[in-house]
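Contents: one structure, followed by commentary.
No lab work stands behind these numbers, since they all come straight from the coordinates. Not measured: the values here are computed from a predicted model. Cβ placement follows ideal geometry from the backbone for every residue including glycine, while neighbour counts extend to all protein chains displayed.
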Amino acid sequence: MHPNPIFHSADHAKDISLARDRGFGVLAVSTETVPLLSHIPFLLAEDGGHADLHLVRSNPIARLKGAQQAVIAVNGPDGYISPDWYGLTDQVPTWNYVAVHLTGTLEPLPDSEMRAMLDRQSEAYEARLAPKPVWQTPKMTPEVLERMLRMILPFRLHVQRIDATWKLGQNKADTARLGAAEALQESGIGTQTSALADLMRAPPML
């Protein structure tokens with residue numbers, strides 16, 4: 001998280017909403033040698049209390065024994081900000097972004113829960129593709145489904161802390177921030193720069 005508290009989130013409702021909407025992040029677990037990272041889809045509870053996910057059996061994180069302390073890092077929109085866009089002197093380049101970290105205990109669940117978790121995840125994602133017919137596991141040949149289910153393992157991250165950075169130029173005067181947002185909208189470098197520009201125009205209350 002950014003060290004400047006002006007960018008930190010105190011009301012986690014919007015952090016939870018962003019993480020639930022993204023549904024994809026980097027799972028990080030520490031070991032005695034190097035951190036283990038895995039890019040994973042997840043399903044976050046409405047209250048942000050836990051996140052369900054699955055890992056392929058061969059994933060090094062899945063091979064760890066017992067519960068582990070872990071973090072899921074979720075990226076929102078991000079973009080490069082040129083100092084020329086502020087209309088002010090003596091400015092430096094920066095990068096605006098939104099990020100949410102979900103920290104807690106990663107618990108392996110019984111294999112028997114994998115089917116129900118897969119159904120919950122696919123239902124949540126498929127519902128957002130309406131009016132497309134919803135894909136469900138019964139569409140698969142039972143033998144193929146069972147074979148694939150044996151290849152993955154269910155996990156639950158019990159979220160104990162939520163940290164978030166919404167770096168949107170709140171430390172700049174309104175005219176400078178709005179000028180940067182307009183330039184970013186027109187010719188930005190980053191991910192979802194239009195969405196980032198919209199956030200910069202009306203930064204959420206932190």
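Values computed for the structure shown
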| quantity | calculated |
| --- | --- |
| Qualifying positions in the stretch 157-206 - over 18 Å from residue 9 (Cα atoms) and touching a Leu at 6+ places or on another chain (Cβ under 6 Å) | 157, 176, 193, 197 |
| Qualifying residue in the stretch 70-78 (condition: surrounded by fewer than 16 Cβ atoms within 10 Å (Cβ to Cβ) and charged (D, E, K, R)) | no |
| Count - residues of the stretch 183-193 that are surrounded by fewer than 15 Cβ atoms within 10 Å (Cβ to Cβ) and free of Cβ contacts under 8 Å to residues at least 24 places away in the same chain | 2 |
| Members of the stretch 94-113 found to be over 19 Å from residue 181 (Cα atoms) and assigned to a strand (DSSP E or B), listed by number | 100, 101, 102, 103, 104, 105, 106, 107, 108 |
| Residues satisfying the stated conditions in the stretch 107-123, i.e. closer than 18 Å to residue 46 by Cα and either in contact (Cβ under 8 Å) with a residue 24 or more places away in the chain or of a type in the set (S, T, N, Q) (or both) | 117, 118, 120, 121, 122 |
| Members of the stretch 126-169 found to be closer than 30 Å to residue 70 by Cβ and of a type in the set (S, T, N, Q), listed by number | 136, 137, 160, 165 |
| Test: residue 92 is without any contact (Cβ under 8 Å) to a residue 12 or more places away in the chain and either out of contact with any His (no Cβ under 8 Å at 6 or more places or on another chain) or surrounded by fewer than 19 Cβ atoms within 10 Å (Cβ to Cβ) (or both) | yes |
| Lone unmet requirement of (1) out of contact with any strand residue (DSSP E or B) (no Cβ under 9 Å at 6 or more places or on another chain); (2) surrounded by fewer than 18 Cβ atoms within 10 Å (Cβ to Cβ) for residue 179 | (2) |
